[in-house]
1. Filtering the stretch B:198-222 down to residues that are among the charged types (D, E, K, R) and within 24 Å of B:THR53 (Cβ to Cβ), which residue is farthest from the other protein chains (Cβ to nearest Cβ)?
2. Check B:SER176, B:SER183, B:SER149 and return the single one that is closer than 30 Å to A:SER183 by Cβ and in contact with a His (Cβ under 7 Å, 6 or more places away or on another chain).
3. Say whether the condition of being open to solvent by 30 Å² or more (accessible area, probe 1.4 Å), free of Cβ contacts under 8 Å to residues at least 60 places away in the same chain and touching a strand residue (DSSP E or B) at 6+ places or on another chain (Cβ under 9 Å) is met by at least one residue in the stretch A:78-96.
4. Which one of B:ALA133, B:ALA137, B:ALA210, B:ALA123 is crowded, with 18+ Cβ neighbours inside 10 Å and in contact with a helix residue (DSSP H, G or I) (Cβ under 8 Å, 6 or more places away or on another chain)?
5. Inside the stretch B:223-242, can you point out the residues that are of a type in the set (A, V, I, L, M, F, W, C), part of a helix (DSSP H, G or I) and more than 9 Å from chain A (Cβ to nearest Cβ)?
6. (1) farther than 29 Å from B:GLU15 by Cα; (2) among the hydroxyl-bearing types (Ser, Thr, Tyr); (3) open to solvent by 40 Å² or more (accessible area, probe 1.4 Å): which one isn't true of B:THR114, the others all being true?
7. Just need a number here: residues in the stretch A:97-106 that are crowded, with 18+ Cβ neighbours inside 10 Å and over 15 Å from A:LEU13 (Cα atoms).
8. Please give the number of the condition B:LEU88 fails out of (1) assigned to a loop (DSSP other than H, G, I, E, B); (2) farther than 24 Å from B:ARG235 by Cα; (3) at pLDDT 95 or above.
Number of protein chains: 2
Amino acid sequence: MSETNTPIRPGRLVEYCDGETLLEGYVVVPQPEASPRACVVLAHDWSGLTEPTLRLAERYAALGYVCFAIDAYGKRVRGDPVGDNTHLMAPLMKDRDLLQRRLLAGYAAAGRITAVDSARMAAVGYCFGGLCALDLARRGAPNLKAVVSFHGGLQAPDHQERTRIDASILLLHGWSDPIVPPSDVLAIAEELTRAEAEWQLHAYGHAQHAFTFEDARFPDLGIAYDSRASDRSWRAMRQHLVMALDQ
Amino acid sequence: MSETNTPIRPGRLVEYCDGETLLEGYVVVPQPEASPRACVVLAHDWSGLTEPTLRLAERYAALGYVCFAIDAYGKRVRGDPVGDNTHLMAPLMKDRDLLQRRLLAGYAAAGRITAVDSARMAAVGYCFGGLCALDLARRGAPNLKAVVSFHGGLQAPDHQERTRIDASILLLHGWSDPIVPPSDVLAIAEELTRAEAEWQLHAYGHAQHAFTFEDARFPDLGIAYDSRASDRSWRAMRQHLVMALDQ
């Protein structure tokens with residue numbers, strides 16, 4: 001008898017390594033698996049590769065992309081989707097070079113998936129994952145055509161060397177996000193302009209941190225779902241990926 | 001024999017008054033003129049009701065809206081579409097109350113057009129006209145559902161009384177616009193948030209002032225056409241008007 005609480009997943013888990021560290025991502029390949037497809041590399045929020053990220057990967061695959069949800073923490077290292085995950089995220093935020101190596105390992109694993117056309121890659125992410133998607137662009141991940149950050153962290157690493165960003169960047173930002181204040185928006189606008197990146201920012205009035213997450217219900221902390229901003233951002237992302245990957 | 005340089009216009013000029021001042025707008029009504037349609041009130045750039053604004057009015061009408069291009073300067077007071085028009089704009093920027101009365105007179109004239117459903121109104125504008133469209137929202141123009149500013153001035157009047165803005169606002173902004181610096185963006189974000197307006201900002205990296213105007217060719221002055229930002233902004237405007245007026 002099957003357990004009714006375990007959903008049947010359309011994707012599969014994939015192991016890969018960053019040096020000695022074993023990581024585990026989740027790939028969803030749209031059917032039919034005829035010719036190679038563009039790939040969306042999905043970077044998880046601070047809770048790691050938990051249920052919400054698995055569901056998101058399936059939504060991206062439903063758009064016709066292979067989606068590979070990468071893992072920044074390590075196989076079976078999972079946090080609490082609605083709790084505090086500082087202990088997982090903070091070490092990687094303190095060592096951005098380590099974080100970026102982890103991300104690049106995931107990005108490379110995505111490119112090795114048979115169903116993927118590794119010449120047409122995008123990176124998307126939510127909250128901490130938005131920062132991760134941007135870091136892939138900052139590190140010059142090969143053939144990265146587009147990045148979309150949903151209510152993501154925007155801060156550049158302290159000692160960033162790369163001077164040019166080739167990916168087309170879309171920042172989807174809640175203006176009332178207390179975790180990502182206007183000063184961070186000004187800083188990344190300057191960074192991306194200096195890096196000659198093709199970029200745009202969509203800022204949504206009154207929207208707070210995590211505005212696309214239906215379970216985010218802490219408006220007093222500035223963390224809250226906003227259906228209008230969520231819908232707008234999803235539409236903007238689709239447009240951005242179509243322009244960068246399908247044309 | 002007709003003069004070949006005079007285009008045959010699909011619209012017509014309409015006189016109206018602000019007190020003693022005679023003004024002249026340009027209205028374009030989509031065919032067929034069956035039932036009343038939503039209206040886009042178009043505010044001209046600093047050159048006044050010149051050729052580029054007439055053409056824009058026709059583009060808005062082609063979307064299915066009645067478009068009324070209002071006049072802030074006075075009948076036959078026209079500037080140079082590619083020259084310096086400070087002498088026309090500055091007096092109204094110095095007397096925002098006068099400007100706003102002029103705008104409200106045009107807005108009221110739009111509502112009196114037979115083909116217009118005056119319950120479904122929007123205001124759009126370019127450069128100086130973007131500021132004018134925002135000022136209609138600031139002054140609480142009745143039934144104003146949506147405002148779209150293309151590379152518009154964002155500064156609030158010095159002594160603004162109204163505290164609530166009901167129109168849904170879309171700001172389309174070139175981040176490298178030297179005439180509208182980031183400090184103005186921060187200020188209007190705060191203003192609109194405080195006014196409880198439903199708002200969003202789309203900022204385009206590297207785009208300068210007047211980015212939708214094909215004749216703008218002064219990149220050294222920060223005034224230049226940008227086809228990508230122009231296309232993106234037109235698409236965003238359409239989406240915004242459909243959401244606010246057609247649903």
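1. Per the stated criteria, the residue is B:ASP215.
2. Testing whether each residue is closer than 30 Å to A:SER183 by Cβ and in contact with a His (Cβ under 7 Å, 6 or more places away or on another chain) leaves just B:SER176.
3. For the stretch A:78-96, residues open to solvent by 30 Å² or more (accessible area, probe 1.4 Å), free of Cβ contacts under 8 Å to residues at least 60 places away in the same chain and touching a strand residue (DSSP E or B) at 6+ places or on another chain (Cβ under 9 Å): absent.
4. The conditions single out B:ALA123.
5. Hits for the stretch B:223-242 are B:TRP234, B:MET237, B:LEU241, B:VAL242.
6. Here B:THR114 meets the rest and fails (1).
7. Looking only at that region, the number is 6.
8. Condition not satisfied by B:LEU88: (1).
The values are calculated or read from the model by the stated rules, or taken from the named source; none is laboratory data. On a predicted model such as this, the values are computed, not experimentally measured, just so you know. All Cβ positions, glycine included, derive from the backbone under ideal geometry; neighbour counts span all protein chains shown. Each accessible area value is taken on the protein alone, full model and side chains, heavy atoms only, with ligands, DNA and RNA left out. Shrake-Rupley method; radii C 1.70, N 1.55, O 1.52, S 1.80 Å.
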